[in-house]
Ligand SMILES: [Zn+2]
């Protein structure tokens, strides 16, 4: 079954909420055409699932991106999800032949969460790269920045990726802080028993029932997620006119046109000499915008 959705859930009489994301074709489209090594595609799948979980959990209207940059063999992992639940992603580099853990592979790198609200200030948070995997790095981020205990589980295979998040909210329903802690410990412990195959293969209701049949779980309506690239001719033009004119002229002389490819979806935007000159003339400061 082709499922591409994120779904929120809560537990009755507790201060814990959850989010469950599962993606099939939207993930496949995001990695298509890049010839990623299968383990790299899986790593990117976890990034994609995490970006959807973060975007659904940190409420805002705009774009969220999760980006890891490193001087190592894999130099970039990036996934974006906006509040219309559209995603895209990219990885650059190749995994080395020897199998390295997350921390070793990205030693010296940096990971950031960037939120660009449609209206308002851009925000960037730095994710510590000390965990043994992406999920534990993000957990550290939540405890620092949101001050809300949060646990994440991520999984991916060649055709699907999934993410599961539990978050402890400020106490309201719990009888005491101690009882709240106890419930949190219990629910996270049960989630720890979850296998990757269950996350990837089971429908949300069934997975939650398997984990939490003794609790009353309320599952909200699923929100659809789609692969969609936000590139456009207009955006490409805006990038193009910032480039060095001399260099553009050289490429034109050599190739007869300028071709700009979108690194995410592979769409090629082509510009002939006359069109390019028109664009470059338009950037003159004397011309009103
Ligand atoms: Zn694109």
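Rule-based calculations on the coordinates, nothing more; no lab input. Here the structure is a predicted model, which is why all the values come from computation and not from measurement. Here Cβ is always computed from backbone atoms with ideal geometry, including for glycine, and neighbour counts include all displayed protein chains.
On the beta carbon distance between residue 245 and residue 209, with R0 = 45 Å, the FRET formula returns roughly 0.10. Using the rule -39500 (n - 2.57) for each DSSP H run of four or more residues, divided by the residues of the chain, the 222 nm mean residue ellipticity is -10500 deg cm²/dmol. Relative to the longest principal axis of the Cα atoms of the chain, the long axis of helix 273-282 lies at roughly 70 degrees.
The label point for residue 274 and the one for residue 226, both projected 7 Å from the Cα toward the Cβ, are 3.6 nm apart.
Each 5 Å bin from zero holds the following percent of Cα-Cα pairs in segment 133-228: 2, 11, 19, 22, 21, 16, 6, 2, 1.
Taken as Cα centroids, segment 170-194 and segment 85-134 sit 29 Å apart, rounded to the nearest whole angstrom.
From the P(r) of segment 4-227, could you give the percentage of C-alpha pairs in the tail past 25 Å? Can you show the working numbers first?
Numbers: 9538 of 24976 pairs.
Summing the P(r) of segment 4-227 above 25 Å gives 38 percent of all pairs.
Residues 42, 223, 22, 59 in ascending order of nearby Cβ atoms (within 10 Å, fewest first): 59, 223, 42, 22.
Against the chain, whose longest principal axis is taken from its Cα atoms, helix 38-57 shows a tilt of about 70°.
Give me 102, 142, 47 ranked fewest to most by other Cβ atoms within 10 Å of their Cβ, as a rough exposure proxy.
Numbers: 102 18, 142 22, 47 27.
Fewest to most other Cβ atoms nearby, the residues stand as 102, 142, 47.
Any idea what the relative contact order of segment 233-282 is, in percent, if you count C-alpha pairs under 8 Å spaced at least 6 apart?
On the way: 34 pairs, mean separation 15.6, N = 50.
That works out to 31 percent.
Taking other Cβ atoms within 10 Å as a rough exposure proxy, 268, 127 sort from fewest to most as 268, 127. Of all the Cα-Cα pairs you can form in segment 233-282, what percent are over 14 Å apart? Value for segment 233-282 (Cα pairs over 14 Å): 47 percent.
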